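Scroll down for the structure; my scribbles are underneath it.
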């Protein structure tokens, strides 16, 4: 594997912004009386966010539907198509941290509405954290869209290789269950290609 | 000399990093360090030799990533690794082999999918091989979760007699990834009686300097410090670290001066780093550790010290005299129990007592469930409370942290059963001053029993600091000198430096208006030096005593805590609040106003029949919001807020339903299928069903198909709802349905979850598909029509 660059960092809660459309997509609400509750949940959530990312810029080779990242390969037509024409890519992981899991667990025992809303908000926040991390690591490079294991024909099993590459257990505290679920729950990994200019 | 003897005399050194050095020796990306144990053992020996030549005393076997889940040939990998280490130390003096254990890479339940005992067994398999081959100690390292650390220590202790050293990986915030701070780890690990503890990996020696003082102030055993060579970065395709060997050694001198005992390195530290460290720190003073003398109990993130400021132990999770809790225990209503825990935490309890003893339930199983569930929602330490040593053992084992245990007595049998458990799993224990002769009448005799208990405990290696004496509170209604005797005993114990605890409300048993007596007695006990009180933190008057006492004793800087308490409880005990602008119960539910719904329901039950309230008010209101939801006039958050409000009202009304009416409730078994840990959807369905009056048997998440069949049998319930979020767990849903079909002709299965569609549901043989929670409710209504 040819690692060109390595990244690790934290994103302060104040820097994370909810993309309103992501929130709306999940909560679909504008009826006055839930907004207070949503604001309350937002505030509690932010107190519990410990957002970190880890990333690697690596070289890759594509032949047919096989994408070779050096240390491991992925068979995926869609991934090969996405990364075609790229000789480098970024792999990254971002997490909101374990305390969000603890918070959600606690809310599940106290209020269904708060649990549901906070869970949805956390999903929206994880997406925006991924956007932020992507901006930080790629600087001004022109890139493809990002793609994650488990989507389309990108096998979910590859999550294990991606997390190992990112040293995600140590740096981000991400572990994988036997069914390839990540803990903390609000974690995202993805790959995107760098366009050769 | 053995390693245990030598660390009592002088500083010894660990080696440095393995993976990073092997990479410089040619290990390719994608190759694991442990694969070289078999493919090129001579290079592993070479690595060990380089560190030994640099002056280290302890080498780690190249087994960090080996376990039986990852490798079928884990035994061979371990045997070969130990062979390499033995070759390297052969003929050298005072050199030791540490069998290295790293994290499993998985998260334990309840946040991950690995059972505690599965983790113990995973590590135990490694330890058994190492024990057979012969090593000098076991090093459990780079653990970033307290629960997994505990599993590894138990595995090491149960399968070998070797010394156990533990180092954890703290992040920049000075905590483990799952939240434990150094003091919590020290508390738990010393409870488990490890031989040395400390930190490794992390972000370099500079970060460790920020937390070394916590170790120095609290650790009773030698402190290990094995940092990285700073932060890694990629330079020209190679990983480099930002701290030089010279700078590293300077940091190590500082760490040694602050109390670090055993020094070494982790990622990026080559033999040169170790050589520099040994040379520069060899002449620093080696301070021996001694007992911290503190009475500490902990949860997975949080430590409570007993003996400084008074500690409140919440008594609400104990079925004695509590009808609703008894019912919740019988019906396995975990939410009620967790709710009791959360309320007490909110009211200011420092520790929660957990007693689930009821004759008709399996106390050990229930205790384990409650402990694990409570620890998932609160970070307060728990007091494990049972008269059955077997129940205590099982719950002490799976407890995440160092618990308080209730209780041992002066009876020989009690001490012989409980002290070995405290020695093995750790804990501070409440000691009741009674023995074969009963409870002595005088304070002096009670103190004498306490001293006998403390002496006996010391024979098991349990220090006085971990014995908290309860000189027993008997009611003044049968003996009017009872309070005087107890208070005197508290005073005498306090003077001897022995920690004390009392179940204060026992003092007024049998009397009317008990709080009058309790508050005065509580204040007196505190004045006599009481360290812990088992009490009800929801009692405003008792809490008033506590906050006033602290303010009066100078334990509350600026009276801040008192002021906060007083402002929150301002006049709340005056006449009951008028209901909010005459809102109806229906309106409160439709608008999702939980507090209003509860207070209106409280008024209604006084004048209206309980079943009528449910059928004519709660259900119609839910139907209205449910219809709005189905027609997309309302969205899920609104529906859920209404469900919260309805549940609140339902809880109030339920207490008034005659028991003869209760038997008619219709059942619904609910589970998230095996392999899936998402339960938000399932919980939504559950609460809605409950609001509609169904009796829900919630089996939780990641539920085995057989367990679901058992529930069908046990509850004689033919309606099963299954939830799955991920495509990968739909096969497990299918498997569950097949098993149910094979066993029962008349069970109906309804499925739901993010990935499911009607098509999918048909394909896996479900009877129905619920696109949302309301669908589930409607199906259940049709089923029972």
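The values are calculated or read from the model by the stated rules, or taken from the named source; none is laboratory data. Predicted, not measured: the structure shown is a model, and the values here were computed from it. Glycine also receives a Cβ, built like all others from the backbone with ideal geometry; neighbour counts cover every protein chain displayed.
Assorted remarks:
- Residue in segment B:134-141 that is out of contact with any strand residue (DSSP E or B) (no Cβ under 7 Å at 6 or more places or on another chain) and within 14 Å of chain A (Cβ to nearest Cβ) present: no
- Elements of type helices (runs of 4 or more DSSP H) contained in segment A:6-124, each with 2 or more residues being touching a residue at least 60 places away in the same chain (Cβ under 8 Å) and closer than 23 Å to residue B:677 by Cβ: A:20-27, A:32-48, A:98-110
- When A:172, A:181, A:156 are screened for being surrounded by 22 or more Cβ atoms within 10 Å (Cβ to Cβ), within 14 Å of chain B (Cβ to nearest Cβ), over 22 Å from residue A:18 (Cβ atoms) and within 16 Å of the chain's Cα centre (by Cα), only A:181 passes.
Okay, residues lined up against (1) under 17 Å from residue B:363 (Cα atoms); (2) in a helix (DSSP H, G or I); (3) away from chain A (no Cβ under 14 Å):
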| site | (1), (2), (3) |
| --- | --- |
| B:380 | no, no, no |
| B:387 | yes, no, yes |
| B:392 | yes, yes, yes |
| B:396 | yes, yes, yes |
| B:400 | no, no, no |
| B:415 | no, yes, yes |
| B:419 | no, yes, yes |
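- Members of segment B:695-724 that are in a helix (DSSP H, G or I) and either within 15 Å of residue B:672 (Cα to Cα) or touching a helix residue (DSSP H, G or I) at 6+ places or on another chain (Cβ under 9 Å) (or both): B:705, B:706, B:707, B:708, B:709, B:711, B:712, B:713
- Elements of type helices (runs of 4 or more DSSP H) contained in segment B:15-60, each with 2 or more residues being touching a strand residue (DSSP E or B) at 6+ places or on another chain (Cβ under 8 Å): B:19-24, B:41-53
- Some residue of segment B:275-294 being assigned to a helix (DSSP H, G or I) and within 30 Å of residue B:145 (Cβ to Cβ): yes
- Check on residue B:168, in contact with a strand residue (DSSP E or B) (Cβ under 8 Å, 6 or more places away or on another chain) and either within 20 Å of residue B:16 (Cβ to Cβ) or more than 14 Å from every other protein chain (Cβ to nearest Cβ) (or both): yes
- Which listed residue is at pLDDT 95 or above and within 33 Å of the chain's Cα centre (by Cα), from B:552, B:502: B:502
- Residue within segment B:257-268 that is over 26 Å from the mean Cα position of the chain (by Cα) and without any contact (Cβ under 8 Å) to a residue 40 or more places away in the chain present: yes
- Only a single item in (1) out of contact with any strand residue (DSSP E or B) (no Cβ under 8 Å at 6 or more places or on another chain); (2) buried (at least 24 other Cβ atoms within 10 Å of the Cβ); (3) touching a residue at least 60 places away in the same chain (Cβ under 8 Å) is not met by residue B:446, and it is number (3).
- Some residue of segment A:78-98 being facing another protein chain (nearest Cβ under 10 Å) and within 16 Å of residue A:124 (Cα to Cα): yes
Residue by residue, here is whether (1) surrounded by fewer than 23 Cβ atoms within 10 Å (Cβ to Cβ); (2) within 24 Å of residue B:144 (Cβ to Cβ) holds:
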site	(1), (2)
A:64	yes, no
A:69	no, no
A:73	yes, no
A:80	yes, no
A:84	yes, no
A:90	no, no
A:96	no, yes
A:115	no, no
A:120	yes, no
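- Residues within segment B:630-651 that are on the phi < 0 side of the Ramachandran plot and not in a helix (DSSP H, G or I), tallied: 4
- Taking the numbered list (1) more than 21 Å from residue B:301 (Cβ to Cβ); (2) within 14 Å of chain A (Cβ to nearest Cβ); (3) assigned to a strand (DSSP E or B) in turn, residue B:98 passes all entries but (2).
- Residue within segment B:235-253 that is touching a strand residue (DSSP E or B) at 6+ places or on another chain (Cβ under 6 Å), in contact (Cβ under 8 Å) with a residue 60 or more places away in the chain and surrounded by fewer than 17 Cβ atoms within 10 Å (Cβ to Cβ) present: yes
- For residue B:657, the stated conditions hold: it is in a loop (DSSP other than H, G, I, E, B) and out of contact with any strand residue (DSSP E or B) (no Cβ under 7 Å at 6 or more places or on another chain).
- Taking segment B:455-482 as the range and being in a helix (DSSP H, G or I), under 21 Å from residue B:534 (Cα atoms) and touching a helix residue (DSSP H, G or I) at 6+ places or on another chain (Cβ under 6 Å) as the test, only B:464 passes.
- So residue B:627, is it without any contact (Cβ under 8 Å) to a residue 60 or more places away in the chain, more than 30 Å from residue B:710 (Cβ to Cβ), part of a helix (DSSP H, G or I) and out of contact with any helix residue (DSSP H, G or I) (no Cβ under 9 Å at 6 or more places or on another chain): no
- Segment B:675-698, subset at pLDDT 90 or above and within 14 Å of another protein chain (Cβ to nearest Cβ), residue surrounded by the most Cβ atoms within 10 Å (Cβ to Cβ): B:698
- Odd one out for residue A:48 among (1) modelled with pLDDT of 85 or more; (2) over 16 Å from the mean Cα position of the chain (by Cα); (3) facing another protein chain (nearest Cβ under 9 Å): (3)
- Residue that is surrounded by the most Cβ atoms within 10 Å (Cβ to Cβ) [pool: residues in segment B:290-319 that are more than 14 Å from every other protein chain (Cβ to nearest Cβ) and closer than 26 Å to residue B:715 by Cα]: B:318
- Criterion (over 22 Å from residue B:392 (Cα atoms) and at pLDDT 95 or above) met by exactly one of B:327, B:272, B:346: B:272
- Candidates in segment B:320-342 are the residues that are assigned to a helix (DSSP H, G or I) and farther than 21 Å from residue B:399 by Cα; of these, the one that is nearest to the other protein chains (Cβ to nearest Cβ) is B:328.
- Residue list for segment A:184-197, filter: outside any loop (DSSP other than H, G, I, E, B) and modelled with pLDDT under 95: A:194
- Odd one out for residue B:5 among (1) in contact with a helix residue (DSSP H, G or I) (Cβ under 6 Å, 6 or more places away or on another chain); (2) part of a helix (DSSP H, G or I): (1)
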